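What follows is a set of notes on a single structure, which appears directly below.
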Amino acid sequence: MSSHVITPGPYRATKLWNEVTRLFRAGMPLRKHRQNFRHYSSCFTASAAVDWLHQLLCSNSNFGPDVTRQQTVQLLKKFLKNHVIEDVKGRWGTEDLEDSNTLYRFPSTSPLKPIPCPAPASSSIKKRSSFRDKEGFFKFRSFKKHEKESLENVDPALQAQQDGEKQPLEEQETQRRELTVDDEQDIWRDITLTHLQRILGVASFYEVLDPRCVNPQNIIHNMTKVNKHGVVTLDDKNNDLPHWVLSAMKSLANWPKYDSAQPSYPGFERDVFKTVSDYFYSLPQPLLTYELYELFINVLGVLQPQCERVAIEALQLCTLLLPPALRRKLQLLMRMMSRISQNVDMPRLHPAIGTRTLMVHTFSGCVLGSAEECDLDELLATRLVSFLMDHQQNILSVPEYLLSAISDHIQYLRTVQIPIDSVSNTDGGDPVCAPVPIYAFCHQISSAEFEEQKLASSQKAMEELLEILLTDQNISEKDRRKKLKQFQKQYPDIYRCRFPSSDKETKTDDKPKIKPPLLNIKKTKAFSIRT
C-alpha cells in the first residue's frame, strides 16, 4: 500500500489522520465471518485489525517502529469513536473496542476529516509589526534590473558611503539614533525564526506558528544563561523543579550510586520513577507547550534517516522558543531518560516492558500534547520523544552558529545606526531596522568579456610598473636603463604608448638585418702526399 511523507505545513495532524484512515480502509483485508449463528460479509475482527494496522504504522515513515500494539488498540478505539469503523450492527461513538474477536466493518460514509480553509488575508487580528515586516529586513529585496548585478563581498560601509553620495544633502544630514533594547530583541526573534523557516523548507509560518506567542526574551535567556553543562539557569528559583523531584531524578540517573541516606528496599526504584512521572503529569501543560504544538508536529516531517542532521537543527531552534523554566525541565528529563535507558545496572522498572520503551511511553504524554484532543497525539509524541532522547545532547545545546549570526548582525546595525526618520510609522509598531546587507554572487560574463577584462587589468598593472621604473629614486641610472630596455623588449606596445618618440627606432628595428660576413671559416688544408 503506497504511503507518502506528510510534509510540514498547516493542519499536519489532520492530514496524518486522513492518511492513516485512507490506508486502513484501502488495505485492511475483509472476509466473511460467522458470529452467533449468523454470517457477516466484508468485516474483520478487532485482533486482525490490530495486527494489520500495527504493521502499517511501524512501516510508515510518518510514525516509525516505536509504535506499540497497545497504541494501535488505542487508535482503533478512536477510529470507533469517530466512525471510521463500526461494529457489524452499525454501532459506534464509544471507545470500548478490545483486542478480541469482536467483528467490525467500514461504514459507507467517508470518515475523512475536513481540512480547514485558510482564513482571508484581511484578518481582524492586527499583527504586531516587526523588523521582518518592514522594508527588506531579512528577506530578499526586489532589485531593479541594473541593481541585480552586484559584486560578491561588497563592503557594506563603502556601499553605504556610495549610496549616501547619491542622496540629497538634506537626507545625509538627518539625525541618527542608537539601537534600542526592543530592536535587539526583535532581531533575536526574527533571525531565529528565519533560520527555522529555511530549515523546515516552508514558505511561511502561517497556521504553523503564531509569531505573537514567540517571546524573544525566552530565546535570549535560553542561549545566554546556561551552566557549564549547557543546562538553562533560572533567575527565579521558584520556577525550578522542587528539591525532592531533583533528588529523585538524580538517584535514577546515577543508579545505583545514589545517596546512602535514602531508603533502600525491593521496588524502591519503581516508586521513585513513579514519583517523577506523577510530578511531570501534574504540570498545567506539556513541556513543549500548547502554543508550539503545531510547530513540533511539523518537525516530525523531517524525522527521516536521511534528514537526521536537518531534524536535529530544526528541533534545536524550536526548543529555544520555550520558556526557560520548561526548557530546563525538558533538559533534565531527557538527560535522566537517556541515562536510565543506557544503564545496564538499572533493575527492570516494568515486568513486561523494556526500559527504553517504558521511558518513551511514560513521558511522551507530558512532553507533547494538544490543547484540543488530537486523535494521533500519543503516536506522534512517542516518535518525537524517542528522537529527543536519542539526540538530547545536540538538540538541547546552544547553536553557536546562530549566536554568532545574531551577534554579528547586531554589531553591524550598531555601526551603521538607524535614521530617525525611518522609525516614524502610523501603526505604532516597532521601528524600522536597517536592512541586512545583501551579498550576491558575481555576475557571469562571457569568455570574450573575460579576456577583455583580463587584458585591460594586466595592461594597467604593466603601465603602473613602468611608471615605478621611471620615478623610483632608489634605482640607479644604470639599473634603470637596463630594466627599461628589458621592459621595452617584453612589452613594446605599452612602452611605445608611454614613449611615442621611439616609433622611428622600432621601425628601423623592423628592417631586415644584413648577416655579418663569414670571417671565421677555417681554410681547408691542401692535400699533401706527405700528410
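The values are calculated or read from the model by the stated rules, or taken from the named source; none is laboratory data. The structure displayed is predicted, hence computed values, not measured ones. Backbone-built Cβ (ideal geometry, glycine too); neighbour counts: all protein chains shown. Protein only, heavy atoms only, side chains kept; ligands, DNA and RNA dropped before computing areas. Shrake-Rupley method; radii C 1.70, N 1.55, O 1.52, S 1.80 Å.
Things to note:
- Residue in region 42-63 that is among the acidic types (Asp, Glu) and assigned to a helix (DSSP H, G or I) present: yes
- Taking the listed residues Ser341, Ser407, Ser364, the one that is among the small types (Gly, Ala, Ser), surrounded by fewer than 17 Cβ atoms within 10 Å (Cβ to Cβ) and part of a helix (DSSP H, G or I) is Ser407, with no other qualifying.
- Taking every residue in region 470-496 that is in contact (Cβ under 8 Å) with a residue 40 or more places away in the chain and pairing it with any residue that is small (Gly, Ala, Ser), at least 6 positions away or on another chain, yields no pair with a Cβ-Cβ distance below 8 Å.
- Residue that is open to solvent by less than 10 Å² (accessible area, probe 1.4 Å), modelled with pLDDT under 95 and on the phi < 0 side of the Ramachandran plot, where the choices are Ala314, Ala352: Ala314
- The set of residues from region 354-411 being basic (Lys, Arg) and in contact with a helix residue (DSSP H, G or I) (Cβ under 6 Å, 6 or more places away or on another chain) comprises just one member, Arg356.
- Selection from region 388-404 of residues that are surrounded by 15 or more Cβ atoms within 10 Å (Cβ to Cβ) and in a helix (DSSP H, G or I): Leu388, Met389, Asp390, Gln392, Ile395, Leu402
- Residue within region 266-277 that is over 30 Å from Pro347 (Cα atoms) and at pLDDT 90 or above present: no
- Remark: pairs (first residue in region 184-202, under 13 Å from Asn215 (Cβ atoms) and open to solvent by less than 40 Å² (accessible area, probe 1.4 Å); second residue in a loop (DSSP other than H, G, I, E, B) and modelled with pLDDT of 90 or more; Cβ separation under 7 Å; 6+ apart in sequence or on different chains) = Arg189/Val214; Leu193/Val214.
- Some residue of region 433-443 being open to solvent by 60 Å² or more (accessible area, probe 1.4 Å) and either modelled with pLDDT of 80 or more or in contact with a strand residue (DSSP E or B) (Cβ under 8 Å, 6 or more places away or on another chain) (or both): no
Listed here are the residues, each with its yes/no results for (1) free of Cβ contacts under 8 Å to residues at least 60 places away in the same chain; (2) at negative phi; (3) surrounded by 12 or more Cβ atoms within 10 Å (Cβ to Cβ); (4) within 36 Å of the chain's Cα centre (by Cα).
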| position | (1), (2), (3), (4) |
| --- | --- |
| Ile220 | yes, yes, yes, yes |
| Met223 | no, yes, yes, yes |
| His229 | yes, yes, no, yes |
| Leu246 | no, yes, yes, yes |
| Pro266 | yes, yes, no, no |
| Glu269 | no, yes, yes, no |
| Leu283 | no, yes, no, yes |
| Pro286 | no, yes, yes, yes |
| Glu291 | no, yes, yes, yes |
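- Residue in region 55-64 that is of a type in the set (Ser, Thr, Tyr), under 23 Å from Lys15 (Cβ atoms), open to solvent by less than 20 Å² (accessible area, probe 1.4 Å) and free of Cβ contacts under 8 Å to residues at least 40 places away in the same chain present: no
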